[in-house]
1. Can you tell which of A:Leu538, A:Leu551 is hydrophobic (A, V, I, L, M, F, W, C) and within 15 Å of A:Ala200 (Cα to Cα)?
2. Kindly indicate which of A:Ala339, A:Ala328 is farther than 19 Å from A:Lys241 by Cβ and either surrounded by 20 or more Cβ atoms within 10 Å (Cβ to Cβ) or more than 12 Å from RNA strand B (Cβ to nearest atom) (or both).
3. Do we have A:Thr679 as within 12 Å of RNA strand B (Cβ to nearest atom) and out of contact with any Leu (no Cβ under 7 Å at 6 or more places or on another chain) here?
4. For the stretch A:421-534, which fully contained helices (runs of 4 or more DSSP H) count at least 2 residues that are among the aromatic types (Phe, Trp, Tyr)?
5. Go through (1) modelled with pLDDT of 85 or more; (2) within 55 Å of the chain's Cα centre (by Cα); (3) within 13 Å of RNA strand B (Cβ to nearest atom); (4) surrounded by fewer than 16 Cβ atoms within 10 Å (Cβ to Cβ) one by one and return the number of the condition A:Ile792 breaks.
6. Can you pull out every residue in the stretch A:405-444 that is under 25 Å from A:Glu465 (Cα atoms) and among the aromatic types (Phe, Trp, Tyr)?
7. With surrounded by 15 or more Cβ atoms within 10 Å (Cβ to Cβ), within 14 Å of RNA strand B (Cβ to nearest atom) and touching a residue at least 24 places away in the same chain (Cβ under 8 Å) as the only criterion, which of A:Leu565, A:Leu582, A:Leu649, A:Leu560 stands out?
8. Could you list, in sequence order, all residues of the stretch A:490-507 that are surrounded by fewer than 24 Cβ atoms within 10 Å (Cβ to Cβ), small (Gly, Ala, Ser) and touching a residue at least 24 places away in the same chain (Cβ under 8 Å)?
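The values are calculated or read from the model by the stated rules, or taken from the named source; none is laboratory data. This structure is a prediction, so every number in the text was calculated from the model and none was measured. Here the Cβ is made from the backbone with ideal geometry for all residues, glycine too, and neighbour counts use every protein chain on show.
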Amino acid sequence: MKKYDPSKTEKKWQEAWKKAGIYNTPDQIEAKKNQYILTEFPYPSGNLHIGHWYAFSIPDIYVRWLRMQGRYNVLYPIGFDAFGLPAENAAIKYGKSPKAWTRSNVEYMTKQLETMGATFDWSRVIDTTDPKYYHWTQWLFLQLFKQGLVYRAKALANWCPSCKTILANEQVIQGHCDRCNTEVVQKEVEQWMFKITDFADDLIDELEYLDWPKPTKTAQENWIGRSRGAKIKFKVKDTDKEIEVFTTRPETIFGATYLVVAPEHRLLKQLESKIENKAEVQEYIDKTLAKTERDRISEAGVEKTGVRLEGLKVVNPLSNKEIPVWIADYVLGSYGTGAIMAVPGHDERDFEFATKFKLEIKSVIKSPTGELPYLGGGELENSGPYNDLSAGEAISEIIKILEKNNQGRATTIYRLRDWSISRQRYWGVPIPMVRCEACARLDPSGQGYQPIDEENLPVELPDLEDFKPSDDGQPPLARAGDWLKVKCPKCGGTAERETDTMDTFVDSSWYFLRYLDPQNDQRFAEENRIKNWLPVDLYIGGAEHNTMHLLYSRFITKALQTAGLLSFSEPFTRRLNHGIILGPDNQKMSKSRGNVIDPDEVVIEHGADAVRMFLAFMGPYAQGGPWSKTGINGISRFIKRVWTLAHTLSSQTNPVSLQTLHQTIRAVGEDIGELAFNTVVSELMKALNVFEEQGVAQSEFEKYLKLLAPLAPHLTEEIWQTVLGHKNSIHLENWPDYDPDIAKVNSIRLILQVNGRVRDSIPVAPGVSQIEAERIAQESEKLSPYLKDKKIIRVIFVPDKLINLVVG
RNA sequence: GCCGGGGUGGCGAAAUGGUAAACGCAGUUGACUUAAAAUCAACCGCCUAAUAGGCUUGCGGGUUCGAGUCCCGCCCCCGGUACCA
């Protein structure tokens, strides 16, 4: 027997499989159901890390198992999400172009990915920086534009001073840039926006139908942040102006003892002449606006500040009571209407503020303890005609009367903001718009922006010598010379191209469509293929995409459905989040900590099969966990033992091994189906222990080998073909069936309990009757001391499990 | 604060309300070897008066014949989010 050498063997089979093209997926196979298994495509950072192995080789176990079912035509594609800032930064550092840097990384990582022995369909690989791909990213932009889902807005935007670009709200993590961690500042910029808020309700409501992890659904729901309530207008006394507030508790309106507007509220300017303490107010406004949003938040909870607007009163539309108006930074200009009716009796923040500034605090909901603020529900009090109504009744009554008098209406607001997709950077998809001065003069509202004709796509990204961002926020493409000049698609005059590029999340929001038809230059994907494959059956990825990528992809899908281009509204039927592999010290892997595990080194030492199996064995896939340098030894041993066993097969069937095999077929199939890969490995180990002890015949071992094939594709192929002499790949074999009769256990241990405590266990044949079990229990010597002089009050019998004698 | 997830041997972990710690790692002892590695075998939660018994799944209660698992109240760790009206 030769020693098993993974490095040689694995390479040999990887080349053989590639040559035979056994994983290239046909569009449709008669009598087979299509299954689309997708994993989030990687960013070509330069090197594969162990997390990539976790993300791609573990789903491959499931994919290989699905393929072996024989009923499915399985698509498992791979590609690269290759636009983005790191390429620019690296290019600056190494003096290369972003394109060259990206290309060489893609090539290198492709080689590394091949060492996994995964069943990727390499004929469908995509690269978002390829003009053949981003042609359709631009086309997608134009479809949204046609639908009115794209607009330009000059608004305060999140600006990263280090990346020198705008960020979407989703890309700001606790006030910092999600890429470089620099503190984000607010800057007024003109930007292209996608109207994701148009779909806010669908994005929440349709979560219900998805087979997704609950945390992911909750995260999306919270991110969209739907609040049902009412907008209510308060008249400003002695003026024709009104201040509109948003509240989720309109039933507390009689408890509104003052009103607060945000310091950035635009009505303040219009009411300026009425304000008596102008200087003081202006000072407060200036102070607030000078703070970054982060400062304002970090001071939260410390102490509330605010200034009363002297000379201003507003009138409560229902009680007609006149109440004072304040400005305070605890009310935000960017949420709701930027103004609130303060109900200190029933809101913690209002209560704190009212206490500090000695404002009236009034109870309008009967509190069980009488303590304020009272946040719960109940019957109304001190509320004129609404007294004694329940909160629910009061809400509808109050909204009815407000609507009748045109003083308010039921409203739902969202935390979700529209998606800003403009980036002032070079390495991204050019936005397919032009700005035409002539058209701008004719129609100033449209600012002269015209979409590029679809037949003129793609707008290729020009090669730039100097692609660095400039400090003033001018995009690098503004220096692109001739590239800028273009004929206006509308009037034919001279126009200039848009110089912003798109957020890379746009690239990745539709890539699952392109895998179906990556070479098509007539359409983003051929209609039949879409019908055959979509939606994606299982989408596997990291929890960090819970509120960004997943939300954006859902939005794009809904937008394309509205345009009649897709017939479904949710892209991913089932979602699985995988965990993160930590360093051996249980910390996130990082160069500075020196705890990074290089998968290439582990593959050289133990082989790809061992890495795959060990990652599967570590624990639940959703959990991740620390990498153990010695733990993988156990898997290497297992592989060697399987190899040895393959050379020492017994000439005849052993009944114990046969039974174990059938039990293992059942267990492994069930566990892979539930994506519980860790217990799959232990089941296979248990079976191996039995086979070694009892001996196993070739026919049984071959079935066992098929169970192992999804986890250790190279080892099993080598044994299947080289050792056992089969001519075809084991990976084209069908998954073995088990015989329930053989798998059935023929002896169980009956547990004997007295008063719920285990006192003995006796091997018996399955199906033992209660009467028989009672007799066995009575006869047990170990039980007798506990039964002596006691009366049996009750007998609990769980068939084939236990008998419990309750004595007193 | 709020929303999610988690807390089981030295470590990774397993366990439809039914023998807690399966399967591994690490460790100890032994066999083989001139020796080491590899391999194989045995042991491997804690306590004790030790052929046996008791205790043990973050803490405190509860439901149940029986709780790691269900319920109530806490503590700690991780992730997300935040004066969101």
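1. Values: A:Leu538 fails: within 15 Å of A:Ala200 (Cα to Cα).
After applying the criteria, what remains is A:Leu551.
2. Working: A:Ala339 fails: farther than 19 Å from A:Lys241 by Cβ.
Being farther than 19 Å from A:Lys241 by Cβ and either surrounded by 20 or more Cβ atoms within 10 Å (Cβ to Cβ) or more than 12 Å from RNA strand B (Cβ to nearest atom) (or both) holds for just one of A:Ala339, A:Ala328, which is A:Ala328.
3. Working: within 12 Å of RNA strand B (Cβ to nearest atom): yes; out of contact with any Leu (no Cβ under 7 Å at 6 or more places or on another chain): yes.
When the stated conditions are applied, A:Thr679 passes them.
4. Working: elements: A:437-442, A:504-508, A:511-514, A:527-533.
By residue number, A:511-514.
5. (2)
6. Our first condition is that a residue be under 25 Å from A:Glu465 (Cα atoms); within the stretch A:405-444, this holds for A:421-435.
Residues satisfying the conditions are A:Tyr426, A:Trp427.
7. Numbers: A:Leu565 fails: within 14 Å of RNA strand B (Cβ to nearest atom); A:Leu649 fails: within 14 Å of RNA strand B (Cβ to nearest atom); A:Leu560 fails: within 14 Å of RNA strand B (Cβ to nearest atom).
When all the criteria are applied, what remains is A:Leu582.
8. A:Gly493
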